[in-house]
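One structure below.
The values are calculated or read from the model by the stated rules, or taken from the named source; none is laboratory data. Please read these numbers as outputs of a predicted model, since none were measured by experiment. Every residue, glycine as well, gets a Cβ built from its backbone with ideal geometry; the counts of neighbours run over all protein chains shown. Protein only, heavy atoms only, side chains kept; ligands, DNA and RNA dropped before computing areas. Shrake-Rupley method; radii C 1.70, N 1.55, O 1.52, S 1.80 Å.
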Amino acid sequence: MPAFLSIPPLANERWIIHGFSTAEMGSMGITNAPDPQKVTENRRRFARSMHVPPEAITVAGAVHGAEIARVDRPVPLVREVDGLVTDRPEVALFATFADCLPLIAYDPEQRAAGLAHAGWRGTEAGIARNLVAALKREYGSRAEDLRVGIGPGICGRCYEVGPEFAERFPTEMLRPGADGKLLLDLAEANRQQFLALGVLPRRIRVHSLCTFESDRLFSHRRLPDGSRFAALVAVR
Ligand SMILES: [Zn+2]
């Protein structure tokens with residue numbers, strides 16, 4: 001089994017397990033998969049490579065919204081949400097991506113963690129804010145205790161959006177691109193949301209790999225064939 005990717009400072013945290021699958025491990029996306037059975041097997045192998053029992057996998061349905069749900073026991077799928085939080089070691093939070101950003105937040109004090117799926121819609125709707133709010137509401141987490149990991153996903157040099165995004169996002173998250181298009185820095189937009197709620201700058205790490213540039217990960221923009229990589233987060 002090829003090694004999964006992780007975000008270095010989070011990987012050193014004692015009470016959380018997290019990782020991202022690579023293209024080498026196969027697609028983790030069930031929707032539109034030609035062979036869903038194979039995807040299920042890929043997911044199970046990925047979990048086992050992290051020493052997480054496959055039965056723990058609890059998938060966030062991901063509808064490009066900003067809703068976060070609390071999970072207290074493993075269930076195959078939580079519909080209509082783009083983020084999950086838990087403090088139960090028997091639950092492995094799981095979501096799939098192909099350019100959208102995984103957001104991971106972990107509270108070592110309450111030993112609670114969250115995973116969210118942030119595309120431009122979820123980011124505009126405040127999914128990073130909602131993730132922090134859910135940890136606070138459900139577990140009493142304080143923003144200043146949180147460790148945050150952002151990405152991998154499409155980077156600010158590659159994510160072309162239309163000129164209408166000038167009205168959706170603050171100018172400092174946008175740069176001029178080719179042909180009147182704009183380039184959106186989704187990681188920075190989410191980082192700003194975490195900072196605004198009091199997460200400490202040194203505790204927010206952005207994964208450097210860009211899905212559009214690296215063929216180690218799937219990218220919808222590069223190859224829109226339904227392939228997805230996965231993020232898995234579990235507290236020990
Ligand atoms: Zn890029």
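Points worth noting:
- Residue within segment 173-185 that is under 30 Å from Lys136 (Cβ atoms), within 16 Å of the ligand (Cβ to nearest atom) and touching a Cys at 6+ places or on another chain (Cβ under 8 Å) present: yes
- Annotation: Gly151 fulfils all but one of (1) within 16 Å of the ligand (Cβ to nearest atom); (2) at positive phi; (3) modelled with pLDDT of 95 or more; the unmet one is (3).
- Qualifying residue in segment 166-181 (condition: among the aromatic types (Phe, Trp, Tyr) and outside any loop (DSSP other than H, G, I, E, B)): no
- Segment 137-148, subset open to solvent by less than 10 Å² (accessible area, probe 1.4 Å) and of a type in the set (A, V, I, L, M, F, W, C), residue farthest from the ligand (Cβ to nearest atom): Leu146
- Only a single criterion out of (1) away from the ligand (no atom under 16 Å from the Cβ); (2) among the charged types (D, E, K, R); (3) under 17 Å from the mean Cα position of the chain (by Cα) is not satisfied by Arg216, namely (1).
- In segment 70-87, the qualifying residues are those that are touching a helix residue (DSSP H, G or I) at 6+ places or on another chain (Cβ under 8 Å) and either open to solvent by 20 Å² or more (accessible area, probe 1.4 Å) or of a type in the set (Asp, Glu) (or both), and the one that is nearest to Ala112 (Cα to Cα) is Asp87.
- Pick from segment 47-66, criterion assigned to a helix (DSSP H, G or I) and open to solvent by 10 Å² or more (accessible area, probe 1.4 Å), ranking: farthest from Glu90 (Cα to Cα): Ser49
- One residue stands out in segment 156-172 among those that are of a type in the set (Gly, Ala, Ser) and open to solvent by less than 20 Å² (accessible area, probe 1.4 Å): the one that is farthest from the ligand (Cβ to nearest atom), namely Gly162.
- For segment 187-229, the set of residues classified as assigned to a helix (DSSP H, G or I) and of a type outside the set (Asp, Glu) consists of Ala187, Ala189, Asn190, Arg191, Gln192, Gln193, Phe194, Leu195, Ala196, Pro201, Arg202, Arg203, listed by residue number.
- In the set Phe46, Phe97, only one residue is in contact with a Gly (Cβ under 7 Å, 6 or more places away or on another chain) and of a type in the set (Phe, Trp, Tyr); that residue is Phe97.
- Any hit, segment 25-46, residues being within 24 Å of Leu146 (Cβ to Cβ) and not in a helix (DSSP H, G or I): no
- Flag if Ala134 is of a type outside the set (Ser, Thr, Tyr), crowded, with 18+ Cβ neighbours inside 10 Å, under 15 Å from Pro102 (Cβ atoms) and in contact (Cβ under 8 Å) with a residue 60 or more places away in the chain: no
- The residue pairs whose first member lies in segment 157-174 and is closer than 23 Å to Thr211 by Cβ, whose second member is surrounded by fewer than 11 Cβ atoms within 10 Å (Cβ to Cβ), and whose beta carbons are closer than 7 Å, counting only pairs six or more residues apart or on different chains, do not exist in this structure.
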